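The structure appears below as structure tokens.
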Amino acid sequence: MFKDIDKTIELGNYQEAREKLSQLIIEEKDRLWYRYYSALIAEKEGDLSLAENAYREIIKDSIYPDPTLIKLIRDGIERIFKFYQSKKEEKKQEFRTIENSQDLAVLILEPVKPEDKKNLAPQLAKLMEIDNYTATLQIPTRSLRLYKTGSLGELKYYQFELSQGGIPCFCHPIKNINKMDVYQVKFIENDGDICDLTIENDLEEEKKYTLNWAKVKSKVQGLIPIFEMTTHLDARNKVQKKQSTLDYANFFDLHVVSDNLILRFSDHFYQFEAGLTVGENSKTTQEKWKKLVNYLQRKTSDINLLSNFNLFAEGVIHFPEMLKQITAHINLFRREESVWDEAFQLYSGLIFLQTLSQQEDDNI
């Protein structure tokens, strides 16, 4: 029954084959073969997504599988897979030729609305060749998520494909995180739309900076744990050592993108008793810090605050070798080594770079 259609497809006359197929009177026993040839024509005409889905549906509906039919379908699925792989490799090769393609970079997924995860998960699953359940877990809803590290060219390819699938993401080389200037703010000297700051670099060299609050384009807040090794007695009264959180350090970054500058405030470095008094009548550092943050928020009230650092860091700290490539610009006294400082610099730096990219796009 299908020999004439088979021959017509082999000759490349796909429209004629479709017409002949539509004219056939199909008995129930031949229904799956009919669906197979419909899928085969779709494949030959280039509608690979339709063909692949049709092939898989036939396999699913084959209660009593015909070995010949099943083999033809599996061959079709394999052809489609190889085609996609070759196209993927061609596109990857394009991105491998971009400037600085071998630089170490990070691919970041941006948070989406919870109700969008279900629709986006199949796109992520297909591209990364994982199951839908795993893909659903990997799509963030509250904070940025470090998804992959690798060469810039490879990650730019994934960024392109994910963006095509509607998954918000971005990619930056690590060296760009280290290009911006970062200064600790010692104190604010005076109030006004334009004010003077006393700031300090990593070498503890002090300088003055005049800040126009209108030039602040993004801001970031984070809480960094400070660890130490503590001793405990276990159930058998044996001494055990474990890492414990001794304290936390508060940080608040203002991004002056036009000056390639991050102004970093911290409750461990800020001199509350100097310059402009923002923490008056406060007895504890915590109370003073809260008032300072409120002041910074008022001065930059039109700028959205990004403060989901800890969620981001919980994933990032599992990439210590990458984080060690980052200059943290944080000089906390630590008894135990930690990559949380570098994680905060990565978080703040990525937001800085995204703000810069957005400004460049707006100016095009």
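The values are calculated or read from the model by the stated rules, or taken from the named source; none is laboratory data. Since this is a predicted model, take the numbers as computed values, not measurements. We place every Cβ from the backbone using ideal geometry, glycine too, and count neighbours over all the protein chains shown. When the accessible area is computed, the model is the full protein with side chains, heavy atoms only, and any ligands, DNA or RNA have been set aside. Shrake-Rupley method; radii C 1.70, N 1.55, O 1.52, S 1.80 Å.
Over the chain, DSSP H runs of length four or greater, each weighted -39,500 (n - 2.57), average out per residue to a 222 nm ellipticity of -14000 deg cm²/dmol. Over segment 58-153, Cα pairs under 8 Å with separation of 6+ residues give a relative contact order of 34 percent. Note on residue 93 and residue 164: the extension gain reaches 23.8 nm, defined as 0.36 nm multiplied by sequence separation minus the Cα-Cα distance. Any chance you could run the full-extension gain for residue 214 through residue 10? It's 0.36 nm times the residue separation minus the Cα-Cα distance, nm to one decimal. That pair, residue 214 and residue 10, stretches by 66.6 nm at full extension.
Only helices reaching 15 angstrom along their own axis (Cα) with mean Kyte-Doolittle hydropathy no lower than -1.0 count here, and for the DSSP H runs of the chain these are 31-44, 48-61, 117-128, 152-164, 340-362.
Within a straight-line Cα-Cα reach of under 20 Å, residue 148 can be paired with the following lysines, leaving aside sequence neighbours fewer than 8 residues apart in one chain: 88, 91, 92, 117, 126, 156, 175, 324.
Taking 158, 183, 37 as the candidate residues, the one with maximal mean-square fluctuation in a Gaussian network model of the chain, Cα springs under 10 Å, is 37. Once C-alpha pairs closer than 8 Å and six or more residues apart are averaged by separation and normalised to the residue number of the chain, the relative contact order reads 13 percent. Modelled this way, with points 7 Å down the Cα-to-C-beta line, the labels at residue 301 and residue 360 are 3.4 nm from one another.
Here the chain has 47 percent of its accessible surface on carbon and sulfur atoms, given a 1.4 Å probe and all protein chains in place. Per residue, the accessible area of the chain comes to 56 Å² when a 1.4 Å probe rolls over the protein heavy atoms. Packing, taken as the mean count of other beta carbons within 10 Å per residue, orders the peptides 127-133, 220-226, 117-123 from highest to lowest as 220-226, 117-123, 127-133.
Partner lysines whose Cα lies under 29 Å from the Cα of residue 288, excluding those fewer than 8 positions away in the same chain, are identified as 186, 207, 208, 215, 217, 219, 299. Among 295, 270, 347, the residue with the largest mean-square fluctuation in a Gaussian network model of the chain, with springs joining Cα atoms closer than 10 Å, is 295.
Please grab the % of Cα pairs in segment 302-364 that end up more than 15 Å from each other. It works out to 58 percent of all Cα pairs. To the nearest 0.05, how large is the calculated FRET efficiency for residue 284 and residue 314 if R₀ is 25 Å and r is the Cβ-Cβ distance? The calculated FRET efficiency here is 0.35.
May I have the pair-distance distribution P(r) for segment 1-90, computed from all Cα-Cα distances with 5 Å bins from 0 and rounded to whole percent? Pairs per bin, as whole percents: 3, 14, 24, 23, 21, 9, 4, 1, 0. Note on residue 63 and residue 82: their simple-model spin labels are 3.5 nm apart, each label 7 Å out from Cα toward Cβ. Excluding same-chain neighbours fewer than eight residues apart, the lysines reachable from residue 29 by a Cα-Cα span under 25 Å are 3, 7, 20, 44, 60, 71. Computed packing ranks the peptides 53-63, 333-343 as 333-343, 53-63, most packed first, by mean other Cβ atoms within 10 Å.
Pick from 115, 204, 28: which is most flexible by mean-square fluctuation in a GNM of the chain where alpha carbon atoms under 10 Å apart are linked? Highest fluctuation of the listed residues: 28.
In this simple spin-label approximation, residue 325 and residue 29 carry label points 7 Å from Cα along the Cα→Cβ vector, and these lie 6.4 nm apart.
Packing-based ranking of 148-156, 171-179, 190-198 yields 148-156, 171-179, 190-198, ordered from highest to lowest mean Cβ neighbour count within 10 Å.
Identify which of the listed values of mean projected area of the Cα convex hull in nm² was calculated from the structure shown: (i) 23.4; (ii) 28.7; (iii) 20.2. Computing mean projected area of the Cα convex hull in nm² and matching it to (i) 23.4; (ii) 28.7; (iii) 20.2 gives (ii).
Here the Karplus relation 6.51 cos²θ - 1.76 cosθ + 1.60, evaluated at θ = phi - 60°, turns the backbone of segment 202-212 into coupling constants of 5, 8, 6, 8, 8, 8, 9, 9, 9, 9, 9 Hz, with x for every Gly and Pro. Gain on full extension, evaluated as 0.36 nm per residue between residue 206 and residue 116 minus their Cα-Cα distance, stands at 27.6 nm. On the basis of the beta-carbon distance and an R0 of 30 Å, residue 175 and residue 133 show a calculated FRET efficiency of 0.25.
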